[in-house]
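A quick write-up on the structure given underneath.
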Amino acid sequence: MEWTDLFAALAIYLIIEGLLPFASPRGWKQSIELIAQLSDRQLRVFGLISMLVGAVLLALVRG
């Protein structure tokens, strides 16, 4: 892996993260309010699942 790959991945991440607040600021705020109401355990489980899905996708794409 080269540094350019890492920066490209970071750039794509930032673009994806910016889509919802740009397209629907009100919906984004409502989502954040709902997330704030989740328990620490629920957030940890969601984070773990996200990391695992990301790792599997990366393994499939990068082989």
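Just so it is clear, none of the values below were taken in a lab; they were calculated from the coordinates. Just so it is clear, the model here is predicted, and its values are computed rather than measured. Don't worry about glycine lacking a Cβ; one is built from the backbone with ideal geometry, like all the others, and counts go over all protein chains shown.
Total residues in the range 33-57 satisfying the condition of being exposed (fewer than 11 other Cβ atoms within 10 Å of the Cβ) and in a helix (DSSP H, G or I): the figure is 16.
The number of residues in the range 1-32 being surrounded by 10 or more Cβ atoms within 10 Å (Cβ to Cβ) and either among the basic types (Lys, Arg) or not in a helix (DSSP H, G or I) (or both) comes to 2.
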